[in-house]
Amino acid sequence: MGYKLYYFDIYGRAESIRFLLNHAKAEFEDVRINGEQLAELKAEGKLEFGQVPMLEHDGKHLVQSWSILRYLGKVHGYYPETSEEAWAVDSLVDAVEDHLAKYFRAVFEKDEERKKTLIAEYLAWLPVWVAAIQKRIAANSDPHFAVGNKRTIADFALAVIAFNFINNEASPLHAETSPLTKKEDHPVLTTYLTQLHEELKDYLTSRPQPRPY
């Protein structure tokens with residue numbers, strides 16, 4: 001039986017899961033819901049913590065985005081077997097979560113003055129974060145991959161930042177982030193992302209566009 005993935009019609013916290021399922025060529029239904037349908041899922045008791053994404057599989061309703069990603073990673077061979085590589089993968093996923101938290105905190109702040117401050121802090125922090133990611137990839141045995149010598153869930157997590165935010169012209173901060181992430185300043189990261197984009201190209205060119213995040 002295939003999977004059913006429930007989430008809103010945005011990239012958001014489901015896109016890493018969509019990346020993995022497409023890369024694995026797994027059969028799945030991409031169910032894009034609205035607020036009314038979210039309420040129905042809650043009423044049916046299918047959302048343990050009241051949130052999406054939710055993955056329906058074998059009669060189970062799996063929630064929490066990174067936990068779903070790890071679950072699928074283990075099922076489809078995208079999660080390491082050694083504790084050292086598992087740490088390397090999970091620490092990169094945590095780094096992606098750091099980015100998402102800072103980005104969304106800034107973008108969704110309602111107080112305009114506070115929002116300006118948070119955006120400035122995010123833009124000052126972003127180059128440091130990008131440099132750290134490039135350093136990690138450069139240190140890997142094969143810099144075409146984030147960890148080890150094959151795709152892991154870390155690659156799909158990093159793809160979220162690359163293809164949903166930094167290289168997404170619909171992103172609210174695209175104009176501000178573009179000068180901070182020039183390809184010529186990050187050659188290792190550029191080569192890595194070029195290969196990753198090629199592997200995800202079919203999905204990236206066919207997914208609903210544009211979405212701001």
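The values are calculated or read from the model by the stated rules, or taken from the named source; none is laboratory data. Treat the numbers as computed from the prediction; the structure is a model and nothing was measured. When we count neighbours, we look across all protein chains shown, and the Cβ atoms used for this are built from the backbone with ideal geometry, even at glycine.
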Any idea which residue in region 72-89 is surrounded by the most Cβ atoms within 10 Å (Cβ to Cβ), counting only those that are touching a residue at least 24 places away in the same chain (Cβ under 8 Å) and over 17 Å from Ala26 (Cβ atoms)?
Val89
Checking the conditions here, which among Leu92, Leu118, Leu69, Leu126 is touching an Asp or Glu at 6+ places or on another chain (Cβ under 7 Å) and either charged (D, E, K, R) or surrounded by 14 or more Cβ atoms within 10 Å (Cβ to Cβ) (or both)?
Leu118
Taking Leu100, is it hydrophobic (A, V, I, L, M, F, W, C) and in the same structural domain as Lys46 (by TED's automatic domain parsing)?
no
Just one of the numbered conditions (1) buried (at least 19 other Cβ atoms within 10 Å of the Cβ); (2) within 16 Å of Asp155 (Cβ to Cβ) is not true of Arg13; which one?
(2)
Counting only residues that are over 20 Å from Phe19 (Cβ atoms), among the charged types (D, E, K, R) and modelled with pLDDT of 95 or more, give me the helices (runs of 4 or more DSSP H) lying completely in region 92-209 with at least 3 of them.
112-139
Over region 115-149, the set of residues among the basic types (Lys, Arg) and over 20 Å from Ser171 (Cβ atoms) is Lys135, Arg136
Please state which one of Asn34, Asn22 is within 24 Å of Pro212 (Cβ to Cβ), under 18 Å from the mean Cα position of the chain (by Cα) and outside the structural domain of Val96 (by TED's automatic domain parsing).
Asn22
